[in-house]
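K.L.:
Below are the structure tokens for one structure; questions will follow.
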Amino acid sequence: MLHANTPAQSAAAPPSTQGLFITFEGIDGAGKSTHIAAVADWFAGQGRAVVSTREPGGTPLAEQIRALALRQDMDALTEALLMFAARREHLAQVIAPALAAGKVVLCDRFTDATFAYQGGGRGFAWQTLRALERMVQAADSLPAAAGRGARVLQPDLTLWFDLPPAVAARRLSGARAPDKFEAQPQTFFEAVRAGYVRRQRENPRRFARIDANQTLQAVAQAVEQVVAQAHPPRAA
């Protein structure tokens, strides 16, 4: 299951294989979670070991933080600090070790979501979020991240499922009991989307925008095309 308390993993990867980190982003209702399993199957079909995980969450401790962050009202800085605390635990315990082992890590949301939701939606200071990002994701503080050639551990590819907030609201209507973010008004999600737009402009090389306002099949084809172009199957 993609939303288990701990990441779903496939068999071990050959030690010589370079790890790959792909994140899936978008507002609630964009449908990103639907496509993670297909991407996992695509890489598994190439013989790659895959770890499917999520944020906030991915470890028992981070899942407890998730429960607090998604249900309890709190100050914007408190909320941001909790997100990054969960992320640090997730990086140290799951993501960095998996990458060091040569696995493909597929993560349902990562730091871009914090910039979009807390920075865009909550209006929290972008510079403060950047400082937290540099501290929490510092490669030299994550021994398992050594050798990735970057000071701050970032995804290799981010698939951003872009959907108009009004369409997302219709999709979510009556689907399930909303958490505190899903229960926000459309104006909040418009600000969240603006946060994603800003984040994409700041990181154009790793961001791939997916038009999520299409049929499920069309979105799936777009995802497959982006992933295959960015990371072509290895020669046999």
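K.L.:
Report every pair of residues separated by at least 6 positions or lying on different chains whose Cβ atoms are under 7 Å apart, first residue within the stretch 127-140 and under 15 Å from His90 (Cα atoms), second open to solvent by 50 Å² or more (accessible area, probe 1.4 Å) and in a helix (DSSP H, G or I).
P.N.:
Matching pairs, first to second residue: Val136/Arg88.
K.L.:
What is the one condition in (1) among the small types (Gly, Ala, Ser); (2) over 25 Å from Ala98 (Cβ atoms); (3) more than 17 Å from the chain's Cα centre (by Cα); (4) open to solvent by less than 40 Å² (accessible area, probe 1.4 Å) that Gly195 does not satisfy?
P.N.:
With respect to (1) among the small types (Gly, Ala, Ser); (2) over 25 Å from Ala98 (Cβ atoms); (3) more than 17 Å from the chain's Cα centre (by Cα); (4) open to solvent by less than 40 Å² (accessible area, probe 1.4 Å), Gly195 is out only on (3).
K.L.:
Continuing with this model, one more query. Can you pull out the helices (runs of 4 or more DSSP H) entirely within the stretch 152-236 that have at least 1 residues that are at pLDDT 95 or above?
P.N.:
186-202, 216-230
K.L.:
Take the stretch 198-219 and flag every residue that is open to solvent by less than 40 Å² (accessible area, probe 1.4 Å) and hydrophobic (A, V, I, L, M, F, W, C).
P.N.:
Across the stretch 198-219, the qualifying residues are Phe207, Ala208, Ile210, Ala212, Ala218, Val219.
K.L.:
Further question: Kindly indicate whether any position in the stretch 78-97 is open to solvent by 20 Å² or more (accessible area, probe 1.4 Å), free of Cβ contacts under 8 Å to residues at least 40 places away in the same chain, β-branched (Val, Ile, Thr) and within 20 Å of Asp179 (Cβ to Cβ).
P.N.:
Within the stretch 78-97, one or more residues are open to solvent by 20 Å² or more (accessible area, probe 1.4 Å), free of Cβ contacts under 8 Å to residues at least 40 places away in the same chain, β-branched (Val, Ile, Thr) and within 20 Å of Asp179 (Cβ to Cβ).
K.L.:
For the stretch 26-61, which residues satisfy the criterion of being hydroxyl-bearing (Ser, Thr, Tyr) and either free of Cβ contacts under 8 Å to residues at least 12 places away in the same chain or in contact with a strand residue (DSSP E or B) (Cβ under 8 Å, 6 or more places away or on another chain) (or both)?
P.N.:
Ser33, Ser52, Thr53
K.L.:
All but one of (1) closer than 23 Å to Gly29 by Cβ; (2) touching a Lys or Arg at 6+ places or on another chain (Cβ under 8 Å); (3) open to solvent by less than 30 Å² (accessible area, probe 1.4 Å) hold for Glu63; which doesn't?
P.N.:
The single condition Glu63 does not satisfy is (2).
The values are calculated or read from the model by the stated rules, or taken from the named source; none is laboratory data. Bear in mind the structure is a predicted one, so any value in this text is a computation, not a measurement. FYI the Cβ positions are ideal-geometry reconstructions off the backbone, even for glycines, and counts take in every protein chain you see. Accessible surface is based on the protein model in full, side chains and every heavy atom, while ligands, DNA and RNA are left aside. Shrake-Rupley method; radii C 1.70, N 1.55, O 1.52, S 1.80 Å.
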